[in-house]
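Below you'll find the structure, written out as structure tokens, and then a few comments.
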Amino acid sequence: QVQLVESGGGLVPAGGSMRLSCAASGDPSCISVMGWYRQVPGKERELVAAITRAGTTYDPVYVKGRFTISRDNAKNTVFLQMDSLKPEDTAVYYCNNKGCGNDYWGQGTQVTVSS
């Protein structure tokens with residue numbers, strides 16, 4: 001079992017920056033690929049960025065160059081640095097861990113970008 005606790009989030013003006021953190025606890029052998037997803041009402045949850053334990057990252061085109069994912073393996077923590085934020089980035093952001101054949105999710109944190 002893995003538990004994920006997110007921090008960060010809130011209100012930021014367009015063009016601003018925000019950093020999200022997610023700390024994982026539990027069975028360390030099940031802490032593997034960590035990432036961030038986001039969801040707005042009425043739409044499916046979408047991947048924002050992901051990172052392996054080795055540091056290989058994946059970020060979709062709609063955040064490329066603006067969002068940076070990183071992790072501290074010693075602390076089992078993943079970070080999402082978000083720059084040049086746009087109103088369309090407004091969503092609930094969820095931390096995710098894929099390990100031991102399971103998907104683990106955080107409780108979600110609201111990010112609101114004002115125009």
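Please enumerate, by chain and number, the lysines with C-alpha under 20 Å from the C-alpha of K43, excluding those fewer than 8 residues away in the same chain.
Straight-line reach from K43, under 20 Å: K86.
Would you list which aspartates and glutamates come within 17 Å of K64, measuring only between C-alpha atoms, while excluding same-chain residues fewer than 8 positions from it?
Filter leaves E46, D83, E88, D89.
Taking 4 °C and 1.567 mPa s as the conditions, I'd like the Stokes-Einstein D for region 1-101 in µm²/s, using the Kirkwood hydrodynamic radius from alpha carbon pairs. Don't skip to the answer; put the middle values down first.
Numbers: Rh = 13.8 Å.
The diffusion coefficient I find is 94 µm²/s.
Bear in mind these aren't lab numbers, they're just calculated from the coordinates by the rules spelled out. In this text the structure is predicted, and so the values were computed from the model without any measurement.
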